[in-house]
1. Tell me, yes or no, whether the stretch 144-162 has at least one residue that is touching a strand residue (DSSP E or B) at 6+ places or on another chain (Cβ under 6 Å), over 18 Å from residue 225 (Cβ atoms), at pLDDT 80 or above and not assigned by TED's automatic domain parsing to the domain that holds residue 193.
2. Within the bounds of the stretch 164-171, is there any residue that is small (Gly, Ala, Ser) and modelled with pLDDT of 95 or more?
3. Can you report the number of residues in the stretch 237-270 which are within 17 Å of residue 169 (Cβ to Cβ) and without any contact (Cβ under 8 Å) to a residue 24 or more places away in the chain?
4. Quick check on this structure: which one of 105, 74, 110, 133 is crowded, with 22+ Cβ neighbours inside 10 Å and among the β-branched types (Val, Ile, Thr)?
5. Among the hydrophobic types (A, V, I, L, M, F, W, C), modelled with pLDDT of 75 or more and more than 29 Å from residue 28 (Cα to Cα): is that true of residue 135 in this structure?
6. Taking strands (runs of 3 or more DSSP E) that do not extend beyond the stretch 10-96, which have at least 3 residues that are closer than 24 Å to residue 123 by Cα and not assigned by TED's automatic domain parsing to the domain that holds residue 133?
Amino acid sequence: MREHVESVELRGALLRLRRATGLPVVFGGLLQDGRALRIAELSGAVTPALRGLAISAGSGLGGKCLALSRPCAVTDYPSARHITHEYDVPVSAEGLRSVIAVPVVVRRKVRGVLYGALRDALPIGERVFDAAVAAARDVEQALAVRDEVQRLLAPPPSAPSWEEVRQAYGELRALAPRVADAELRERLLAVCGRLESASGAVTAPASGQPVPAVSLTPRETDVLAAVASGATNAVAAERLGLRPETVKGYLRSAMRKLGAHTRLEAVVAARRAGALP
């Protein structure tokens, strides 16, 4: 599932690169579990010569890009002196001459390479270079978000304390609105709902008296989750991509619904009502 989603991100970035630059051929691949990079996505290719090609660090243009963790380019691949030539046969079969390779780097680790190519020996212009770097950044950001989601959803090695659960809940609430994938966003929010339900059983009053139901909007819940983690309005605004004045408005509305006069009272009331873990 994860490999499929990452392939979709890579394919989308390559198509955007081709549309933005007019490059006749774009292709690329991601490293899987630390293994050699394989060319998995191509657009504009007229032969299957490059598909599935395994790229080793230091070999060819892509291998040089992997090893140096920076963009590399050649104006005429077959005669280039500063790369090795293990892949000349498939490159020549596709008729590629001028090629650029840009690394996808997440947390200082190369996770893949995006390529763009011409069938003529012409210099790669600055506009094409910038567009290739921007496409790689798109993939980098998507992978970073998915890595964080996987980290937050992964089962912990031991049972966490409720404070750790609450901290994770706040991070999930802040992360969910930034996830472009609707299915993944819904999964995140579903996990948040399970944490809220679990908290209701833990925080139910000993008297057994029912707690009045509270209907908070998703953004009010997001803001309360950030406040519960100790965030100021300014920090909450940065996490949620909102203005501080907007955060204040959501907080005032939530406090009014909860019958609270302070931020702490609002958090406590929300937890008692099962709206926060």
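1. yes
2. No, the stretch 164-171 has no match at all.
3. Within the stretch 237-270, residues that are within 17 Å of residue 169 (Cβ to Cβ) and without any contact (Cβ under 8 Å) to a residue 24 or more places away in the chain number 1.
4. The unique qualifying residue is 74.
5. Here the answer is no, as residue 135 does not meet what is asked.
6. Values: elements: 25-30, 41-43, 72-74.
Once the strands (runs of 3 or more DSSP E) in the stretch 10-96 are filtered for at least 3 residues that are closer than 24 Å to residue 123 by Cα and not assigned by TED's automatic domain parsing to the domain that holds residue 133, nothing remains.
The values are calculated or read from the model by the stated rules, or taken from the named source; none is laboratory data. Everything numeric here is computed off the predicted structure, so don't read it as measured data. Backbone-built Cβ (ideal geometry, glycine too); neighbour counts: all protein chains shown.
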